[in-house]
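Comments concern the structure below.
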Number of protein chains: 2
Amino acid sequence: MADFVVTPWEVKGKIDYDKLIEKFGTSRIDKPLIDRIKSITGDLHLFFRRDIAFSHRDLDAVLNDYESGKKFFLYTGRGPSGKMHIGHLLPFYFTKWLQEKFGVNLYIQITDDEKFYIKEKSFDEISSIARDNMLDIAAVGFDPDKTFIFLDSEYIRNMYGLVMKIAKKINFSTVKAIFGFNNETNIGMIHFPSIEIAPTMFEKARCLIPAAIDQDPYWRAQRDIAEGMGYYKAAAIHMKFLSPLTGPTGKMSSSDPNTAILLDDDEEAIKKKIMKYAFSGGQSTVELQRKLGGNPDVDVSYQWLSYFLEEDDKKLEEIRQDYISGKLLTGELKQITIEKLSKFIEEHKKKKEAADKDLKKMMYTGNLAKKMWEKIY
Amino acid sequence: MADFVVTPWEVKGKIDYDKLIEKFGTSRIDKPLIDRIKSITGDLHLFFRRDIAFSHRDLDAVLNDYESGKKFFLYTGRGPSGKMHIGHLLPFYFTKWLQEKFGVNLYIQITDDEKFYIKEKSFDEISSIARDNMLDIAAVGFDPDKTFIFLDSEYIRNMYGLVMKIAKKINFSTVKAIFGFNNETNIGMIHFPSIEIAPTMFEKARCLIPAAIDQDPYWRAQRDIAEGMGYYKAAAIHMKFLSPLTGPTGKMSSSDPNTAILLDDDEEAIKKKIMKYAFSGGQSTVELQRKLGGNPDVDVSYQWLSYFLEEDDKKLEEIRQDYISGKLLTGELKQITIEKLSKFIEEHKKKKEAADKDLKKMMYTGNLAKKMWEKIY
């Protein structure tokens, strides 16, 4: 029946996002909601302008809270299973925008325990991946006094009380139904939902989670129990996946480098990957492209410009029209993408090299981090 | 089929300890093994002399290690579900004897998380029960520099690494088979075996667990995975349950005070409970008792003298013979028990009142505790 699959561990096929909204029972981020955000924030992140942040739960309630002077907080995370690629990074930039516009606290969970449970890797390997991933995340440039980045394996000491209270409320039936766990699932993984849910209760305020929609099952589990525990149901903004290089099905994967641009790829690698693998919506020859034009809707280079590389809506529309008309050739479009992407990655690397100090603040010594290490939940 | 039940959460019926050995696949503590212990320790704890420590796993291997100069360590625990009764305390005295004779480290786990998961109590209630229980345990008088008493909810911070490694090795099939978990079991409880198993790997040495036999399922789960993880299979000494006041079936329960002497009972309560509830093996009248004699094997007063109140084997045998012959009346036997028990409880209360300092050492500041808080597993 389903020609696509979206779970926390697998994304396959060409995703029909409208069907996902229906299947997960979430709400579309529509024009009135976007206008309302703009009336608060003054401008709009391109994820809102370009229908990438497409679905939500209770975002309207979050805005109600904010407008009536109640605070909310942001929560997102990363499973450190390998090197990060460009598709992993962009939701963090969107999250940064939200933090800046609303001036709120942000909690970033690094699920080293989860990845240890499901990967054939030692905990030492996972730890070193986690360290590298956290530097990538810190490079995004969150407010170091309003952001707390934590490893589950470290912060468990402070949040175990809360984790226990959550675990007591969830039985095997529930995790079987929501996550598809079965007899072969290890007991670490079975317990893990209580750990991913815990940060939604770090403050007695509404928690807004910007994340790819594959993480939604956790928030469904949270919403079933939160109010009974005296907390708010988690609110969420769901983002579409960035197309893999290979075309508009599935999601990027670090373990298949031909589908992804890694954050440590050099210019040469970027060029080669885009030229060789980036799925094109253009025609097979220059002559045909000039005559018939290309299809930007399936063209990965265009999709990437739209997803993050071309901030300027006007310029993006020009590129689109030129591509459709045949004025812009596939090679030229790819060249634009290569240049912008190389610059993006180069800048990211510089920021990552300088991120150590900020990461330390976000983990241990910044205002929010210090407060979090003093708290016992 | 079974006319008795022994699980970590339920003990019912008249327990056939021989059948338990067969069912659990453990070994009998036989004469040669007891003689071997005596050749090392010089004397024998009454649990060894009186067949109360009746079953074991790998105790011979522990003695081999000890005799060849390798160290081992002791591990036991307590689930803080309510006030402690006399039946809870005695295994700790036996453990103390082992610690003294072999000069080894002892780890005592207080499973506040487990009890929170299975009881209809708040975590605050569990915490205050745990505090009271730990004072009872500290009153036993372990070596405060070689004993580490810890709450799961606190020490999770240091042992989570080890807990994760264990949890990754155990799947739902296993805990379903060993503990009878099902779809209704909460995910905290499903995960808990990894926490009860962790202390068996606190040292890279053999772990000897003196505990009532109902805890054995945990050690079975441990023994399946320990060697694959580079640790020893846990060794165990299994103890018989102290008979409830009401007779030789089931085990004592703090929630049914007529079956148990609580550690905070006063002399009046002890007297009343023994006189009113202690199941008697005697005859219905003085005349019949004089003529036919009593049956010490089912008489709870006699069982308690044998289990812990009468240290002197000769005196115990005299009491036994006098009871069988009818020389000793039920009332007189009960009187002996009341006196000895009152003295025991009175002394325990005094020790408990003075236990605060030692408990602090065993939890945080003693040599072993300090070392344990510096360790991250």
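No value in this document is a laboratory result; all are computed from the given coordinates. All values reported here derive from a predicted model rather than from experimental measurement. Glycine gets a Cβ as well: all are built from the backbone with ideal geometry, and neighbour counts include every protein chain shown.
By a straight-distance test (C-alpha under 14 Å), which aspartates and glutamates pair with B:Lys70 as possible cross-link partners, with residues fewer than eight away in the same chain excluded?
Cross-link targets: B:Asp60, B:Glu203.
If one computes the Cα centroid of the range A:271-297 and of the range A:213-232, what distance in Å separates the two points?
Result: 44 Å between the Cα centres.
Over 27 Å between C-alpha atoms is what I'm after, so list which of B:Lys12/B:Lys101; A:Lys96/A:Lys340; A:Lys375/B:Lys370; B:Lys240/B:Lys352; A:Lys14/A:Lys38; A:Lys23/A:Lys121 land there. Walk me through the numbers before you get to the answer.
Details: B:Lys12/B:Lys101 34 Å; A:Lys96/A:Lys340 21 Å; A:Lys375/B:Lys370 23 Å; B:Lys240/B:Lys352 25 Å; A:Lys14/A:Lys38 31 Å; A:Lys23/A:Lys121 33 Å.
Those over the limit are B:Lys12/B:Lys101; A:Lys14/A:Lys38; A:Lys23/A:Lys121.
Evaluate the charge dipole of the range A:290-370 about its Cα centre and quote only its size in Debye, nearest 20, assuming +1 on the Cβ of each Lys and Arg and -1 on the Cβ of each Asp and Glu. Walk me through the numbers on the way to the answer.
Details: 17 positive and 16 negative charges, 84 e Å.
Dipole about the Cα centre, nearest 20: 400 debye.
Please give the FRET efficiency for B:Tyr364 paired with B:Lys276, using the beta carbon to beta carbon distance and R0 = 56 Å, rounded to the nearest 0.05. If you can, show how the numbers build up before the last one.
On the way: r = 43 Å, r/R0 = 0.77.
After rounding, the FRET efficiency stands at 0.85.
Step through the residues of the range B:333-344 one at a time and calculate ³J(HN,Hα) from phi using the Karplus curve (6.51 cos²θ - 1.76 cosθ + 1.60, θ = phi - 60°), rounding each to whole Hz and writing x for Gly and Pro.
Per residue, the Karplus-derived 3J(HN,Hα) values read 4, 4, 4, 4, 4, 4, 5, 5, 5, 4, 5, 4 Hz.
Could you give me the ³J(HN,Hα) list for the range B:184-200, computed from phi with Karplus coefficients 6.51, -1.76, 1.60 and θ = phi - 60°, whole Hz, x at Gly and Pro?
Calculated HN-Hα couplings, in order: 8, 5, 6, 6, x, 5, 4, 7, 4, x, 5, 7, 6, 7, 3, x, 5 Hz.
Work out the length of the dipole vector of the range B:4-245 about its Cα centre, built from +1 on the beta-carbon of each Lys and Arg and -1 on the beta-carbon of each Asp and Glu, and round it to the nearest 20 debye.
Values: 33 positive and 32 negative charges, 92 e Å.
Result for the range B:4-245 is approximately 440 debye, rounded to the nearest 20.
If you wrap a convex hull around the C-alpha atoms of the range A:29-81 and split its volume per residue, what is the figure in Å³? Provide the component values of the computation, followed by the final result.
Details: hull volume 5.7 nm³, N = 53.
Roughly 108 Å³ of hull volume per residue.
For B:Glu227 and A:Asp124, FRET efficiency with R0 = 22 Å and r from the beta-carbon atoms, rounded to 0.05? Could you put the intermediate results ahead of the total?
On the way: r = 21 Å, r/R0 = 0.95.
Efficiency, rounded to the nearest 0.05: 0.60.
How big is the Kirkwood radius of chain B, worked out from every pair of different alpha carbons and given in Å to one decimal?
On the way: mean 1/r = 0.0461 Å⁻¹.
Hydrodynamic radius (Kirkwood, Cα only) of chain B equals 21.7 Å.
Report the net charge of residues surrounding A:Lys31, where surrounding means a beta-carbon distance below 11 angstrom and charges are Lys +1, Arg +1, Asp -1, Glu -1. Numbers along the way, then the final one.
Working: positive: A:Arg28, A:Arg36, A:Lys38; negative: A:Asp30, A:Asp35, A:Asp51.
Around A:Lys31, the charge tally is 0.
Averaged across A:106-113, how many Cβ atoms of other chains sit within 10 Å of each residue's Cβ atom? List each step's numbers first, then the result.
Values: counts 0, 0, 0, 0, 0, 0, 2, 6.
The shielding value for this peptide is 1.
So if R0 is 51 Å, what FRET efficiency would B:Trp9 and A:Lys371 give, r being the distance between their Cβ atoms, rounded to the nearest 0.05?
Details: r = 40 Å, r/R0 = 0.77.
Taking R0 as 51 Å, the efficiency between B:Trp9 and A:Lys371 is 0.80.
Could you work out the mean count of beta carbons from other protein chains within 10 Å of each residue's beta carbon in A:154-162? Before the final figure, lay out the partial values.
Numbers: counts 3, 2, 7, 7, 1, 1, 8, 7, 1.
For peptide A:154-162, the averaged partner shielding equals 4.
Each residue of the range A:307-322 in turn: what ³J(HN,Hα) in whole Hz from Karplus with 6.51, -1.76, 1.60 and θ = phi - 60°, glycine and Pro shown as x?
Residue by residue, the range A:307-322 yields 6, 7, 7, 10, 5, 7, 4, 5, 4, 4, 5, 4, 4, 4, 4, 5 Hz.
Eigenvalues of the Cα gyration tensor times 5, then square-rooted: what semi-axes does that give for the range A:116-164, in whole angstrom, largest first?
On the way: eigenvalues 90, 71, 10 Å².
Listed largest to smallest, the semi-axes of the range A:116-164 are 21, 19, 7 Å.
Given the peptides A:313-323, A:142-152, arrange them by the average over their residues of other C-beta atoms within 10 Å, most packed first.
Packing order, densest peptide first, comes out as A:142-152, A:313-323.
Need the C-alpha centroid separation for the range A:1-78 versus the range B:115-192, integer Å.
Result: 39 Å between the Cα centres.
Along Cα→Cβ, 7 Å out, is where each label goes; now give me the distance between the ones at B:Lys343 and A:Ala177 in nm to one decimal.
Each label point is offset 7 Å from its Cα along the Cβ direction, giving 6.2 nm.
Counting DSSP beta bridges with both partners in chain A, what percentage is antiparallel, nearest 5? Walk me through the numbers on the way to the answer.
Working: 11 of 29 bridges.
So the antiparallel bridges amount to about 40 percent of the total.
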